[in-house]
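Reviewing the structure listed below.
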Amino acid sequence: MLITVIGLAMFPVSIDIGLLAALAKFGIYIVCGINGNGWWENNLLSRGYGFQETVYAANSESAMDEYSKG
C-alpha cells in the first residue's frame, strides 16, 4: 500500500489514470510473485503441515506409494 502511494505521488495529476492503474496492478503481480510461495508455506505450517522428505516419482500416485512404503 505504501509503495502504491509513493508511486502515485511520483506522477503528475494530469497523467492518465489507466496508466497508474496498470502500474499498480503490475506492482501487485510482482509482490505476489516474489512472496507467493512463502505465504503458501506459512499457511501450511500454521495449519499443522510440515516437511517430511522429498520423494521422486513419475506421478502423484507413485509418490504416495513410495512415501507410504517408508
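Readers should treat all values here as calculations from the given coordinates under stated rules, not as data from a laboratory. All of these numbers come straight from a predicted model, not from anything done at the bench. Glycine gets a Cβ as well: all are built from the backbone with ideal geometry, and neighbour counts include every protein chain shown.
For the listed peptides 23-29, 35-41, a ranking on the average number of other beta carbons within 10 Å per residue, highest first, reads 23-29, 35-41.
Rounded, prolate or oblate: pick one for the stretch 23-65, where a ≥ b ≥ c are the square roots of the eigenvalues of its C-alpha gyration tensor, a/c under 1.5 means rounded, and failing that, prolate if a/b is larger than b/c, else oblate. In terms of gyration-tensor shape, oblate.
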